Structure formats: C-alpha cells, structure tokens
Amino acid sequence: MVSRARFTPSLLPKETLERLFVGREDLLDTVVDRVREASQTGRLAHTLLLGARGSGKTHLISLVYHRAKDLPGFGQALTLSWLPEDPWAVTRFDDLLDGIGQKEEPKPTDAMIRVVLVENLDQIFGRLGPAGQRQLRAWLEREENVLLVATATRATSSLVEQAAPFYGFFNMEELAPFAVDDAVAMLQRIARLDGDTALEARLGSAGSRARLASIGQLTGGAPRIWAVLSTGLTAGGLDDLFETLMMSLDDLTPYYQERLARLSGHELRAVVGLIQASGAVTVRDLAVATGVDQRSLGTTLRRLEPAWVRRRQGWLVQRADRRKTYYELAEPLARVALEIKANRGEPLRTVVDFLTAWYSRDELAQASGQRIDFGQDDAAAAVGVGSAGQVDAISTGGTVGAIGAADGDAAAVPPWLTAMPQRTLRLAADESNSPARVVLDGLMTGLSTDEPARPWPDGTDLPGLIGQCDEIDQALAVFDRTGKADAILALPGAVVGVLESRLEQASSSLLRLELALMAVQAGGDESWLDRALLAAASVRDSEARLAQVLLGCVRICLGQDAAGLATLEHSGVSGQLTTQELAAIVSSVMHLPPPVALVVVGRAIERDPG
C-alpha cells in the first residue's frame, strides 16, 4: 500500500503522483509552460509557490520536475536541479551553489537553461541574510540562464519590501486550500490505488461529504490532512471521521511540538494562549488570559507574524470594533494537532458535530435540486427501484405493498422505501390533495412516528450540539442588536468561517432560524420557538417566505402540528416554492433521501400543478 504510507511526494513515482493530483491542474500546466518557454526562447519567468505546511507544494513541484524531464528539450536545451525539501545544509551562499551543482542533471553547457527547483526558499533566505540574498540575486543576473521554481510557506520581507533584493522577482502563486470536492476526489483516488472499492463508493455519499467538509473547515483544508487522514481510513471509519482524525494526527503533532520548543518563554505563552482561545482574540483579551503585559504581548505577536500568528481579515472583521486587531493562529492545522493532544479532542468534537450537521443540510438541499424535471423512468432510477411501473404504483396504488407487487417481488423494495410513511404515498396519489398538503402531511407523519430517522451520525453529542447552537445564536443576537461582529469572532475559528460565508449572503436572523430548527431536531425545548419568532420578525423582505417555512418546521418539530401547518401554508408553499425548495424541505426535515423527496414532490405537482 504505497499510497497509504506516510505521504512524502518526493519519494513517490511519477505515475502515483499523477493519479493522486487534483484541484491544481491549471497551475501545474502554467509552471511547466514557463519551463518549456524558457527552454525554447530563453525567457525566464521565475515562479514562487506560496502555501502553508501541508498545502501541496512538494506534490506540485515534484510533478514539475517529472513533467520537465519529459519535455523534448531536456538534456539538450535544459537541465534540472532539484534541491532537498529540508535545506538544513544551506547556511551560506556557497552552500546553495554547491547544492545546485551536485543535483544538476545532466551537467549544463553555456547554451542550456538551468532549471533549479528550490523548496522552503523562505528558510534559505533567512539563513543567507540580506548579504547572501544580494549575492544570489547578482549571480542570477550574471548567469542569465537560471530559472527558479521555488516554494515558501509565506512571502517574507525579502520578497515584498521594495528595497529587498528579490522584490518583484517572482511570479508568486498562492495555493488555496482544497474544496470538499477536491478532498473527495483525492481520497477516492487513494482508495482506488489501494483497491478499496467500498471506501471509494462511500466517499461520494452526501453524509460522507458533510463529514469531510466539517474536517476541512476545522483544519483549513490542507491537502496534507487528507493524505494523513487516508492512512487507515475505511468505509466504516467515515461514520466517526473525527476519531479517525485524532488517530492520524500523530504524524503531524511532533512537527508542531518541535516548533513550539524553539520559542522563547514569552512567545510560547502567546502561542499557547492562541491555541487555548476558542477563536480570534484581541491583544487585550489574550493578555488577560495569559497574564502577560499587554504592550509586551503586542510586540511578541508582531514578532510571531506570519510564522505562527496572523491578523484576522474578512467580512466580519470589517463589521467589528475597528479599534481592535484580532489575532489567530496562522495554521488551523496546528491548533487541531496541539489541542487534540492537550484535551483529547474536546471541545473540538462538539465543533465537528455542529459543522457536520450544518453541512449535512447543505448536501441534502443540493442533492434535492439535482433532479427536477424527470419522467417515469428517471424517477424509477432515482429511487433505485426496478421500473416505471413501480413508480406508477406510488401514484396509483398508494402503498408500499403495491410497489412490491408491481414486479411480483416484494424483496426488491429498498429498505428505506418500506420505511416511508404510507400516508404520504397515499396522499401523493390523491388528485384532491395539493402539493403543499402532500408535503406538509409527509413532514408531520415522518416527525410523529415512534422512531423517526435520526439526522445525526451515531455518537453525536446532542446536548453538546444544542449548546453549540445556543452559543452561536447568542452571538448572532448581539450582531442583530448592535451591528458589531465581535461576539461572532470569539466563536471557534471553524464555526466563524462557516458563519462568515453565510452572512455575506443571508441575514443573521435567517441563520438564527436555521439554528433553531437544528436545535429542536436535536431535542431542544420550546425556548427555541421564542428565539425563532424573534428572528422571523426581523428577516429581510426577500427572506420572509423562507423564514416562515423554517418557523413552521420548528413548530412541527416541537409537536405543534396545526400551528406549524398554518405557518407553512401562510408562507405560500403551495404556489411559490420551487420543486427544489419543496424537496429540500422534505429531505432536511423529514430526513428522507433526496431522490425519494423528489418522487413525492414531483408526483404531487404532476397531480395538482396549481
């Protein structure tokens, strides 16, 4: 199992690297094109790949090396020199030149372009100092045939200050974190290499995507975390991905512990304070927490930038107290690795439970909108039954038993379909029922069964989830009342990231309604209805209809079926919500698979489009 060994891209064969590479194909093509152009025209466009540890820099530069060797000009028009990933032997300019010469293949002539691949250039610049950097710049200008492709964790002063030797020298390319689609693709490719077809298939499910999205939000989405997570990952392990993460982080923790050991006493107290803080903090709050003088701490934090510390930026900071500067750890993965070791995962597990629940709703809603205008055969394929006749049975026969009888094989009926409330299926076949009545009755039937489908993975700490919703709701309430986002910024960083992306598009009141629905589905009491009513009264006009839908669902979840039905009908469900929105309601509130929700809604609308 080469692919699940400790992931060191520079040691893997080209074929494996190519098969595991996702998400950055355009950037790789751009860098290789610069190498090709240099070999053909002599034009030098130097590249610096910027990204935190684990962001995929070594994987990318490894493929630059292999693809450059495959160029027609290799050996005649260009040479390659790939320096070691950890440049511990480079302490002065002459060391760097020696390293380039020792690794060069083949030995160059004056007419050849010399492509030098350098990792951790920021570390090398730090060891060379200003004098060594000037020597390097002068050598590059004198030689006129050396093309640098380098990586660094950050853009140091040597690169961004106008008086610095390498100001404006590189084309700087920043590596963004992986989106959940990239993470799924990478993990599926690793599973395919290992022959684990069960894991590969399971990774594509909506539930798995939600869990992966929560881990990505928590850790910053660096490719390294997905590579580490893949070690020992199984289809069953996806049910408790956080536990798998905890067991996999042993590979990364020593690196951060070693870095902590290099810090001075004051620096260590500042970093540990940031690790222990739930979110971004001001200098004043951090000084109170650590017992360090505020002025001294401010100096220390500035010294720790950007290796350990960064200033929080973004939409929320612009809406916070502008007199304050918010600091957080530069690498989310460092917080996770060190906090898990210190607290055995608490309270991070609660954060993951919340994020998984949040992303699960997004996945259900997205999946519900994928199939809208379907015919009978499409509907049959969507629910996984054998023929259009079985789907017709839903419309005309109205019972689960009739579905099985359509093909004479009751055993062929999927288990999840036999658990569907029969009343909903009968209503779908009744011409007198509007689509609103079908959907709403299905919601109430599903929520009033003795053992409703649970929306949470096994092991979810439901009281902890309700508590997390309460903490977020209180912060959003302050934002509603004051227009200041400081209370939101104090929440766990991963939660802040989710809220920030939503608040750029929706009002905080609408988010509070979503939180109320999540809380009551987890067992929250009727106090959440009071919060939901207050929030619904202050949503934007464009959100009023959706707010009424959410409010009605909150009431239904609390057992107030008649009031919930009235609220939902008042929202205009019967004529104004789209098919996707209706199906999303069925999926997320009734906890049915999205294709089933589409069948119910689609058939109902066919019967009564008005």
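The values are calculated or read from the model by the stated rules, or taken from the named source; none is laboratory data. What you see is a predicted model, and the numbers here were worked out from it, not measured in a lab. Note that each Cβ is placed from the backbone with ideal geometry, even for glycine, and that neighbours are counted across all protein chains shown. Side chains included, ligands, DNA and RNA excluded: accessible areas come from the protein's heavy atoms. Shrake-Rupley method; radii C 1.70, N 1.55, O 1.52, S 1.80 Å.
So how much slack lies between ALA179 and ALA45, counting 0.36 nm per residue of separation and subtracting their Cα-Cα distance, in nm?
Stretched out fully, the ALA179 to ALA45 stretch lengthens by 45.4 nm.
Can you order the peptides 217-224, 252-259, 19-26, 117-124 by their average number of other Cβ atoms within 10 Å per residue, highest first?
217-224, 117-124, 19-26, 252-259
For the range 36-114 and the range 220-283, compute the distance between their C-alpha centroids and round to whole Å.
Cα centroid to Cα centroid, the span is 32 Å.
Taking every pair of distinct Cα atoms and averaging 1/r, then inverting, what Kirkwood hydrodynamic radius in Å comes out for the range 485-568?
Evaluated over the range 485-568, this radius sits at 13.2 Å.
Please list the non-local residues whose amide H lies under 5 Å from the amide H of VAL309, H modeled 1.01 Å from N, same-chain partners needing a gap of 5 or more.
The answer is ALA330.
Counting other Cβ atoms within 10 Å, keep those with at most 10, restrict to DSSP loop, and tell me which GluC sites (Glu not before Pro) in the range 123-161 are left.
When the GluC sites (Glu not before Pro) of the range 123-161 are filtered for loop state and at most 10 Cβ neighbours within 10 Å, GLU144 remain.
Compute the length gained on full extension between THR16 and ALA155: take 0.36 nm times their separation in residues and subtract their Cα-Cα distance, giving the result in nm to one decimal.
47.0 nm
May I ask you to compute the full-extension gain from ARG142 to ALA537, defined as 0.36 nm times their residue separation minus their alpha-carbon distance, rounded to one decimal in nm?
Going from the current span to full extension adds 135.2 nm.
Restricted to Cα positions, what overall size does the range 51-113 have along the principal axes? Three whole-Å values, descending.
35, 28, 13
Using modelled backbone amide H atoms (1.01 Å from N, in-plane), which distant-in-sequence or interchain residues come within less than 5 Å of LEU48's amide H?
Residues meeting the criterion, in which the H sits 1.01 Å from N, are ALA150, ASN171, MET172, GLU173.
Tabulate in residue order the Karplus-calculated ³J(HN,Hα) for the range 177-193, using 6.51 cos²θ - 1.76 cosθ + 1.60 with θ = phi - 60°, rounded to whole Hz; enter x for Gly and Pro.
x, 5, 6, 4, 4, 5, 4, 4, 4, 5, 5, 5, 5, 5, 4, 5, 4
How much of the accessible area of the range 232-319, in percent, comes from carbon and sulfur atoms when a 1.4 Å probe is used?
Whole-percent figure for carbon plus sulfur exposure: 48.
Using only alpha carbon positions, build the gyration tensor of the range 196-335, then give the equivalent ellipsoid semi-axes as the square roots of 5 times its eigenvalues, largest first, whole angstrom.
Semi-axes (√(5λ), whole Å): 35, 18, 11.
Applying the Karplus parametrisation 6.51 cos²θ - 1.76 cosθ + 1.60 with θ = phi - 60° to the phi angles of the range 300-313, what ³J(HN,Hα) value in whole Hz is obtained for each residue in order, glycine and proline being reported as x?
Working through the residues one at a time gives 5, 5, 5, 5, 7, 6, x, 5, 10, 10, 9, 8, 5, 10 Hz.
Identify the trypsin sites (Lys or Arg not before Pro) of the range 451-540 meeting these criteria: DSSP loop state and at most 12 other C-beta atoms within 10 Å of the C-beta.
Here the sparse-neighbourhood loop sites are ARG540.
List every residue whose amide H lies under 5 Å from the amide H of LEU491, counting only residues 5 or more places away in sequence or on a different chain, with H placed 1.01 Å from N in the peptide plane.
Distant-sequence amide H within range of LEU491: zero hits.
With every protein chain left in place, what is the accessible area per residue of the range 199-259 in square angstrom, probe 1.4 Å?
Here the residues of the range 199-259 average 31 Å² of exposed surface.
Under a 1.4 Å probe, what is the accessible area of the range 1-154 per residue, stated in Å²?
Here the per-residue accessible area is 45 Å².
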